[in-house]
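Notes follow the structure.
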Amino acid sequence: MNPTDPRDRRPQRIALLPGDGIGKDVTAEAVKVLEAAAETFDLPLELVQLPWDADRYLATGETLPPGALEDFRDNWSAVFIGAYGDPRVPDMKHAADILLGIRFGLDLYINLRPIKLYDARYCPLKERRERDIDIVVFRENTEGAYVNIGGNFKRGTADEVALQDEIHTRKGVERILRAAFDYAVAHGRREVLMSDKSNVMRYGHDLWQRCFREVAASYPQIEARHMFVDALAMQLVLHPEKLDVIVTNNMFGDIITDLGAALQGGLGVAASANLHPGRTSMFEPVHGSAPKYAGTGRANPVGAVLSTALMLDTLGHAEAARTLEEAVAESLRQRQTTPDLGGSLTTAQVGDLLAGAVSRAAAGAPAGPRPAGA
């Protein structure tokens with residue numbers, strides 16, 4: 001399928017997995033905005049909700065149904081996930097099987113995390129402007145410390161030994177590095193910075209060092225820079241304006257992107273994409289399920305809506321994606337937000353506001369929400 005060809009009207013099937021807690025709340029609003037975008041821009045989207053959550057797991061013992069990954073790979077254009085986690089499942093088996101199962105099973109090796117400040121008032125750093133924070137992080141998503149290789153010897157005794165292994169392959173490292181450089185070229189970015197801890201982790205991160213030098217040589221138009229991850233964490237706070245495209249391993253990417261989210265207003269604003277170019281990919285806000293806030297109307301749906309914008313862009317609907325992003329940006333500028341950002345709107349009210357803004361774009365009106373009372 002070629003989503004950019006207006007003659008191709010085959011439906012793009014999107015699997016919706018709201019998950020648990022506030023995942024259900026924010027997904028409902030993301031769907032509301034997606035449906036407005038589909039109508040406004042005449043998009044061939046088919047949204048199908050799948051009831052794979054903690055309730056279903058506790059009732060049936062099943063997480064991912066048999067054949068689910070093959071079905072996603074062959075019959076769906078994208079997967080959208082709300083958030084997973086339920087205190088009734090202490091080991092979070094259902095969350096791990098579904099979320100990590102899809103990432104690893106579909107080989108979604110790119111975790112793309114934009115860190116963009118839409119309004120300076122939401123940044124905890126003093127004297128920062130919107131243009132100072134516009135960073136894109138490429139986190140390797142299928143290797144590193146998250147492969148669950150290790151074990152315990154003499155568990156529960158005073159002599160217990162715990163081993164947790166990282167795995168880095170040349171194939172895995174090279175492809176995430178190339179993805180970062182390709183993005184920089186395609187989006188007019190000036191620099192790719194690779195971050196590791198090779199001064200201590202001498203084997204796995206030495207592979208990152210060697211691959212980075214080799215891959216960077218193929219992109220002479222892009223400046224290639226290296227920084228140890230502790231120094232990068234410091235620079236994210238001191239000089240975020242000096243950072244552009246960052247590429248790093250699974251664990252470090254997990255940590256620095258949450259720090260980056262704080263710079264843009266918190267996890268409620270943060271979006272992500274789990275990608276394998278040319279294949280079915282997965283999109284999700286990065287916050288947790290926060291069960292105690294479920295159904296209270298306090299959950300911020302902006303991260304979910306921005307994740308759907310990433311999905312639309314990946315599916316070839318760039319204009320719709322830009323409209324969603326501008327609607328979010330304008331709502332933040334007008335302080336039409338949930339309480340976590342100082343506003344007084346409920347989760348559903350923010351969804352209504354953004355869906356309305358997207359619908360008005362059909363008449364050539366500005367994408368942003370109308371001020372209260374307008």
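Side notes on the structure shown:
- Area of LYS171 that stays accessible when all protein chains are in place (1.4 Å probe, Å², to 10): 140 Å²
- Cα-centred dipole magnitude for the chain, charges only on beta-carbon of K, R (+1) and D, E (-1), debye, nearest 20: 560 debye
- For the residues MET227, MET194, MET92, a 1.4 Å probe over the protein chains yields an accessible-area ranking, largest first, of MET92, MET227, MET194.
- Partners of LYS93 within straight-line reach, counting aspartates and glutamates whose Cα lies under 18 Å from its Cα and excluding those fewer than 8 residues away in the same chain: ASP20, ASP53, ASP55, GLU62.
- Theoretical gain in end-to-end length, GLU160 to GLU127 [0.36 nm per residue, Cα-Cα removed]: 6.9 nm
- Couplings for the stretch 317-324, taken from phi via the Karplus curve 6.51 cos²θ - 1.76 cosθ + 1.60 with θ = phi - 60°, read 10, 5, 5, 4, 4, 5, 5, 4 Hz in order; Gly and Pro are left as x.
- In this structure, the amide hydrogen of ALA145, modeled 1.01 Å from its nitrogen in the peptide plane, lies closer than 5 angstrom to those of ILE167, ASN250, MET251, counting only residues at least 5 positions away or on a different chain.
- Cα gyration tensor category, rounded, prolate or oblate, for the stretch 204-297 with a/c compared to 1.5: prolate
- Among 335-344, 229-238, the order from most to least packed when residues are scored by Cβ within 10 Å on average: 335-344, 229-238
- Expressed as a whole percent, the accessible area of the stretch 120-247 that falls on carbon and sulfur atoms is 52 (1.4 Å probe).
- Solvent-accessible surface of the chain, taken per residue with a 1.4 Å probe and all protein chains present: 44 Å².
- Listed values for the stretch 35-41 are Karplus-derived 3J(HN,Hα) couplings in whole Hz (6.51 cos²θ - 1.76 cosθ + 1.60, θ = phi - 60°), namely 5, 5, 5, 4, 6, 5, 9, and x replaces Gly and Pro.
- Karplus-derived HN-Hα couplings along the stretch 113-126 (A = 6.51, B = -1.76, C = 1.60, θ = phi - 60°), whole Hz, x at Gly and Pro: 10, x, 10, 10, 8, 8, 8, 4, 5, 8, 8, x, 7, 6
The values are calculated or read from the model by the stated rules, or taken from the named source; none is laboratory data. None of the values given here were measured: they were computed from a predicted structure. Glycine also receives a Cβ, built like all others from the backbone with ideal geometry; neighbour counts cover every protein chain displayed. Remember, those area values only see protein heavy atoms, side chains included, never the ligands or the DNA or RNA. Shrake-Rupley method; radii C 1.70, N 1.55, O 1.52, S 1.80 Å.
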